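Heads up, the thing below is written out as C-alpha cells.
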Amino acid sequence: MRSIFVIFFVLLMASCSSFEEQKKKPNIILIMADDIGTEGIGCYGGLSYKTPKIDKMAEEGVRFNHAYSQPLCTNTRIQLMTGLYNHRNWKYFGILDTNEKTIGHYMQEAGYKTCMAGKWQLQSYDPPDYPGSQKRRGTGMHPKDAGFDEYSLYHSLHTEDKGSRYAKPKYLENGKIVEKSIDKYGPDMWVDYINSFVDRNAGKEHPFFIYYAMALPHWPVVPTPHSKDWKHKDKRLIEDDIYFKDMVEYMDYAVGRIIDHVDAKGLGEDTMIIFYSDNGTHLKVTSDTINGKVAGGKGWTTDAGTRVPLVVRWKDHLKPNVSEELTDSTDILPTCVEIGGSKMDKNIDGISIYPNLLDVNAKLKDHIYCFYDPRPGWDKDQFTKLVFARDKRWKLYEDGRLIDVKNDVLEKKPIMAKNDTKATKAIRAELQKVLNDMQKPL
C-alpha cells in the first residue's frame, strides 16, 4: 500500500511540475531594425550582405514570407506600439498620442519587467524653425510614460538635441542625458544595456519583455567599429555610402550578441526572440538577390518599401518553418500579449500570430490594410496620402488602382475598373469591401 502511495505522489508531483512549466510565461525580446527590406537579409535571398545570425534565427524558428510594414518609421512604430492602423490614432510624424495604451503598458499588466533601448523618436520631431512646429513640439509621449520600467533611447527629446546615434552617441537613459566619447558606438551601448537587463532579471519570478528599436542601418551611413576606417577617429562621423554594407552586417552582429547572451545564460528555451523591420531599405541602396537586383523603396508603398523580414525564434517550442500567411506591424502587440498569458482590454486592428507560430498552416489574415500619410512633419510634405488593402498577390488603392503585385512588383501597370476582367472585378469587389470596413469604428 505504501509503495502505491509513493508512486501516486511521484506521478502527481510530475504532473504538477509539467503543468507549471506550461503556465510559465516566456521572456520576449522584440528587435526591430531601422530601414531594411527582405532583400537585405540572407535567408530571404539577399546576396549583398552577410547576415549569419539572423539566418540562423530563421533556421531555428519561423520565417514569414508575407510580413509587411508601413513605408516609413513613425508610421510603423505607432502601429506596433498600439496594435492600431494609422487612421485611428495618427497625429503627426514623430509623435505618439499620449492617450494611447502601448505594448509596454500591456506587458507590464501581464506581469513583465519591461525595457526599451535604441531609437524613440515619438515625442518631439519637428525642428523649431519648421512651419507649424510649435503646435507639435513636445506633444508626443515621453519614454517614461510608455510602459517601460527602464529605457535607454536616442532622440527622446527635441530633434535638435538628439545628437549622434552612432559614434559619440547621445541618448536619454532613465531620465538622464548620457553623452559618450567618439570611442563609443551607440548600438554597442544599447546591446550592453539590454544584456545587463537580461542579467539582472534572469531567474526572477517575473519574466522580462525587451523592445530593441535599433538605429541600424538607418542613415547617416558612417563607419561601424568593424569598418576599416573606424581606426581613424576623424572619419567616424563622415558619411559615405560605402559603409552601408558594414552597417547591415553590424546590425546582424548586434542581433547575434543578444541571442548569444540569452543562450549563454541558459535562457534560450525560456525566451522568444522576434526580428522585424520598420520599412524597406533606403532609396539610394540597390542590393543583389538570388532573383536579381532590388532597389530600396523606403517611403514608397510598393513591396520594396513595405515587405520586410519577420523571423521568430523560441528554442524547443517552435519548429523550424516558413509561413506564407499575411501579417503586419499591428499584429505584434496582440501576439506578445497572448504569449504573455494576458488578454486585450480594447478592440484593436491586429491579431495574434501565435497560432501560426505553432502551426504554419493556421490561418491568419486574408487581407491587410495600409493608411499612409506621414504628414505633417519636417521633410514629409513630399509625400501624399495613400490608402490600400491587399492580399498576398493583389493590392487595391483607394483611388481605384488595382495592382497584380506578383506580375507588377514595381506597380507600373495598374488596372482600372474600366479594364477589369471578370476575375479582376471580383478581386476588386473583395478588396473594396476591406477598404470600406476599415473606415468603420472598431
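The values are calculated or read from the model by the stated rules, or taken from the named source; none is laboratory data. Values in this document were obtained by computation on a predicted structure and should not be read as measured data. Glycine also receives a Cβ, built like all others from the backbone with ideal geometry; neighbour counts cover every protein chain displayed.
Figures for the structure shown
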{"quantity": "Scope segment 169-212; condition touching a Gly at 6+ places or on another chain (Cβ under 8 Å), farther than 24 Å from K265 by Cβ and crowded, with 21+ Cβ neighbours inside 10 Å; matching residues", "calculated": "P169, Y171"}
{"quantity": "Matching residues in segment 403-442 - criterion: being surrounded by 13 or more Cβ atoms within 10 Å (Cβ to Cβ) and either touching a helix residue (DSSP H, G or I) at 6+ places or on another chain (Cβ under 7 Å) or of a type in the set (S, T, N, Q) (or both)", "calculated": "V405, V409, I415, D420, T424, R428, Q432"}
{"quantity": "Those residues of segment 361-415 which are in a loop (DSSP other than H, G, I, E, B) and touching a Lys or Arg at 6+ places or on another chain (Cβ under 6 Å), in sequence order", "calculated": "D373, P374, R393, V405, K406, P414"}
{"quantity": "Tabulated pairs, segment 345-363, first free of Cβ contacts under 8 Å to residues at least 24 places away in the same chain and among the aliphatic types (A, V, I, L, M), second surrounded by 18 or more Cβ atoms within 10 Å (Cβ to Cβ) and not in a helix (DSSP H, G or I), C-beta under 7 angstrom, 6+ apart or interchain", "calculated": "I351/L364; I351/K365"}
{"quantity": "Within segment 256-266, considering residues that are in a helix (DSSP H, G or I) and of a type in the set (D, E, K, R), the one surrounded by the most Cβ atoms within 10 Å (Cβ to Cβ)", "calculated": "R257"}
{"quantity": "Residues of segment 262-290 that turn out to be more than 15 Å from V312 (Cβ to Cβ) and hydroxyl-bearing (S, T, Y), as a count", "calculated": "4"}
{"quantity": "Only listed residue being within 21 Å of L96 (Cβ to Cβ) and not in a loop (DSSP other than H, G, I, E, B), chosen from I177, I194", "calculated": "I177"}
{"quantity": "Residue that is farthest from G292 (Cα to Cα) [pool: residues in segment 30-57 that are out of contact with any Ser or Thr (no Cβ under 9 Å at 6 or more places or on another chain) and surrounded by fewer than 24 Cβ atoms within 10 Å (Cβ to Cβ)]", "calculated": "L30"}
{"quantity": "Residue in segment 204-217 that is among the β-branched types (V, I, T), within 16 Å of C115 (Cα to Cα), in contact (Cβ under 8 Å) with a residue 12 or more places away in the chain and not in a loop (DSSP other than H, G, I, E, B) present", "calculated": "yes"}
{"quantity": "Residue in segment 276-284 that is over 30 Å from K91 (Cβ atoms) and either outside the structural domain of V262 (by TED's automatic domain parsing) or not in a loop (DSSP other than H, G, I, E, B) (or both) present", "calculated": "no"}
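Condition check ((1) of a type in the set (V, I, T); (2) surrounded by fewer than 16 Cβ atoms within 10 Å (Cβ to Cβ)) across all residues:
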| position | (1), (2) |
| --- | --- |
| M214 | no, no |
| P217 | no, no |
| P223 | no, no |
| H226 | no, yes |
| H232 | no, yes |
| V248 | yes, no |
| G268 | no, no |
